[in-house]
Each structure stands twice: as C-alpha cells, then as structure tokens.
Amino acid sequence: MVAKVKVATAWLDCCAGCHMSFLDLDEALIGLADAIEITASPITDIKEFSPVDVGIIEGAIGNTHDEEVAKELRANCKILMVWGDCACFGGICTMRNLFSKEEVFRRYYLETESTKDGKVPSSEDLPQLLEQVKPVNQVVKVDCYVPGCPPSSKAIHYALTELLEGRIPVLPSEMMRFD
Ligand code: SF4
C-alpha cells in the first residue's frame, strides 16, 4: 500500500472561509482521503504539529501567536502552501494597518456602540498584536500560493492534486477568482 501524504493545516488571522472552501469539495474529499492524511488541523482539532509532507496555512500574521504557529508548521513540513488572500497578501486583515494598535484597541474594546464599561484586556498570557498585519511569506518561506477570497474548491483541489503528482502548483488564471 502506498503511504499517504501527511498534511497539517492551520488558520491564523482569518475568517476560516478558506478551510470551508476545502470542505466544500464534498465527495471529492473521499478521493483525497485515499491519498492524504490530515494530522494537526482545525478540522481534526489536533493542535500539536508533527513532521508532515505538506503544511497549509490560511490567514495572515497578526499577532505573536500567529508568528509562532507559522514558524512551527514551517519547521515541521517539507512544502508550505498558503490558501487565500489573507495568507498570500495580508488580505482584508491588513485594513487594520491603516491605524495604530492603540486606535484599534480603543475602537474595538472601548468605543463600539454596543460597548458598556469596556476595558482593553492586558495579560502576559495573551498573544501580543503586531504593529502591522503581514502575509505569511514575510515571516516564513512559502513554496506555493493559492490566492482568492476564498480560493474556490476547484482551485484548492487543483493545488492539492498537483502536489500529489509531485509538481509545485501554479494556478491557471481562470482559477484565480471564486465561481
Ligand atoms: S482569504 Fe478570504 S475566505 Fe480566506 S481567510 Fe481570508 S477573508 Fe476568509
């Protein structure tokens, strides 16, 4: 029996929509399940990484925890693929880069119309917000990109299939938009 390709995934500063697009593969997931084994992932709820063939990141790098997860997954995978505009370019998460951290905290925790007696949380146990949201490749080396917000299931399937065939996927332009 051919060994399955081990895959670990993580979501960082994001909305989870890219993983939802993966799950939208529906019955094609059954075919993929014969070829890949998902280890650590929000899908399996396993959080500790072990060595895998392919690491996949959805989401941008917005805080110190995101940085740690990206570095840990990179250290544990042979090929790192990123899904979605947030991971590829920073995406919608970079809207906060227009403001200082203090402005973001003030608006979020103190000034929203529904907030009463708000307080900015402060604890050494909390991840620290970075000054700027960054795409994943500003923190670790990325081997392949699947852009889109989210990338379509078709694009994700194409990228995974190319990897299984031993090729680094380069998405054709018609797969660069959601349809
Ligand atoms: S790229 Fe779009 S769908 Fe994916 S995490 Fe970012 S906002 Fe969500």
Looking across the range 157-167 at residues that are in contact (Cβ under 8 Å) with a residue 24 or more places away in the chain and within 18 Å of the chain's Cα centre (by Cα), the single one that is nearest to the ligand (Cβ to nearest atom) is Ala159
Restricting to the range 131-156, name every residue that is away from the ligand (no atom under 16 Å from the Cβ) and over 15 Å from the mean Cα position of the chain (by Cα). Glu131, Gln132
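Each row is one residue, and each column tells you yes or no for (1) touching a residue at least 12 places away in the same chain (Cβ under 8 Å); (2) within 16 Å of the ligand (Cβ to nearest atom); (3) aromatic (Phe, Trp, Tyr).
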| residue | (1), (2), (3) |
| --- | --- |
| Thr39 | yes, no, no |
| Ile43 | yes, yes, no |
| Ile56 | yes, yes, no |
| Val69 | yes, yes, no |
| Cys86 | yes, yes, no |
| Val104 | yes, no, no |
| Arg107 | no, no, no |
| Gly118 | no, no, no |
| Leu129 | yes, no, no |
Residue, nearest to Lys119 (Cα to Cα), within the range 93-107, restricted to residues that are of a type in the set (A, V, I, L, M) and touching a strand residue (DSSP E or B) at 6+ places or on another chain (Cβ under 9 Å): Val104
So the strands (runs of 3 or more DSSP E) completely within the range 28-110 holding 3 or more residues that are buried (at least 19 other Cβ atoms within 10 Å of the Cβ) are 52-58, 77-83
State which residue is nearest to Lys134 (Cα to Cα) when the search covers only the range 4-27 and only residues that are outside any loop (DSSP other than H, G, I, E, B) and more than 16 Å from the ligand (Cβ to nearest atom). Ala8
Residues satisfying the stated conditions in the range 121-175, i.e. among the hydroxyl-bearing types (Ser, Thr, Tyr) and over 30 Å from Ser100 (Cβ atoms): Ser152, Ser153, Tyr158, Thr161, Ser173
Is it fair to say Ser50 is within 16 Å of the ligand (Cβ to nearest atom), closer than 23 Å to Ile168 by Cα and hydroxyl-bearing (Ser, Thr, Tyr)? no
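Just so you know, all these numbers are worked out from the coordinates, no wet-lab data involved. Please read these numbers as outputs of a predicted model, since none were measured by experiment. Using ideal geometry, Cβ is built from the backbone for each residue, glycine included, and neighbour counts are taken over all protein chains shown.
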